[in-house]
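All remarks here apply to the structure that follows.
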Amino acid sequence: MPQNQRQQAMWVSSGDPETVNDTPAKLFAPGQVGRYLTIKRPGPAGTAAGSAEDYRDVTYRYVWTDSGMAVAPYKGAVAWWADKSRFQVTTLATNRNARAGVFQGPVTPGNFCYIATGGPATVKFVDAPVSVPNVAGRQVIPSATNSKADCLAVGTALTHVPLGQVALTPSYNAFESTAVVELDIPDVP
């Protein structure tokens with residue numbers, strides 16, 4: 001287990017934390033499991049249009065995925081702790097108050113990857129959220145559906161530990177049921 005979880009010198013096998021899908025056999029540095037990596041996301045390449053994620057710092061954590069998950073991780077899937085001591089995460093909603101982060105790309109269950117834990121990140125919502133995540137500041141909470149989040153209006157009492165808030169520049173995609181969320185998931189040892 002790493003002692004300094006914020007040390008920045010880390011191996012990113014694909015060069016992009018959002019595309020890492022390391023098999024246990026490919027694990028380069030076992031000591032970096034559980035460590036954090038913060039990067040500034042690049043902006044739009046050669047275009048004037050952008051998103052709430054462009055030019056922003058995003059914090060990722062290198063974790064091990066549970067091989068027995070019913071739902072394989074995908075972009076925006078919510079990750080909960082299966083075993084904090086081993087930095088193992090799952091998409092099973094039975095662990096929904098043990099928030100770990102959000103997957104930012106597809107991952108094979110049982111492999112190692114980075115999950116977003118702070119800053120703006122795309123999150124997948126249930127098909128019919130309590131409150132549509134199209135207004136900045138709305139609370140994003142775990143749902144009872146594996147790998148998905150729900151949303152509550154500002155001022156509504158929280159029913160679960162929040163993942164974060166809808167970003168200042170709302171980007172709700174009703175077709176995909178995703179939105180950019182300002183994640184605020186605390187460090188855990």
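The values are calculated or read from the model by the stated rules, or taken from the named source; none is laboratory data. As the structure is a computational prediction, the values presented were derived from the model and not from experiment. Ideal geometry is used to build each Cβ from the backbone, glycine not excepted, and the neighbour counts take in all protein chains shown.
A few remarks follow.
- Which listed residue, of G164, G155, is out of contact with any Lys or Arg (no Cβ under 7 Å at 6 or more places or on another chain) and free of Cβ contacts under 8 Å to residues at least 24 places away in the same chain: G155
- All positions within region 130-144 that are in contact (Cβ under 8 Å) with a residue 40 or more places away in the chain and out of contact with any helix residue (DSSP H, G or I) (no Cβ under 6 Å at 6 or more places or on another chain): V132, P133, N134, V140, P142, S143
- Test: residue in region 83-90 that is closer than 14 Å to R35 by Cα and either without any contact (Cβ under 8 Å) to a residue 12 or more places away in the chain or among the small types (G, A, S) (or both): yes
- Assessment of region 111-118 against the conditions (of a type in the set (S, T, Y), closer than 18 Å to D57 by Cα and touching a Pro at 6+ places or on another chain (Cβ under 8 Å)) yields at least one matching residue.
- Boolean, I115 is without any contact (Cβ under 8 Å) to a residue 24 or more places away in the chain, under 15 Å from the mean Cα position of the chain (by Cα) and assigned to a strand (DSSP E or B): no
- When region 148-160 is limited to residues that are at pLDDT 95 or above and closer than 18 Å to A82 by Cα, the one that is surrounded by the fewest Cβ atoms within 10 Å (Cβ to Cβ) turns out to be K148.
- Of the residues screened, V123 is not one that is at pLDDT below 95, surrounded by 14 or more Cβ atoms within 10 Å (Cβ to Cβ), within 28 Å of S13 (Cβ to Cβ) and among the β-branched types (V, I, T).
- Residues of region 162-189 that turn out to be within 17 Å of the chain's Cα centre (by Cα), of a type in the set (A, V, I, L, M, F, W, C), part of a loop (DSSP other than H, G, I, E, B) and at pLDDT 90 or above, as a count: 2
- Unique match (being modelled with pLDDT under 80 and either within 17 Å of G119 (Cα to Cα) or among the charged types (D, E, K, R) (or both)) among P17, P42: P42
- If you filter region 90-112 down to residues that are touching a Lys or Arg at 6+ places or on another chain (Cβ under 9 Å) and outside any loop (DSSP other than H, G, I, E, B), you find that the one that is farthest from G31 (Cα to Cα) is A93.
- Selection status of L163, within 22 Å of D187 (Cβ to Cβ), among the aliphatic types (A, V, I, L, M) and surrounded by fewer than 20 Cβ atoms within 10 Å (Cβ to Cβ): no
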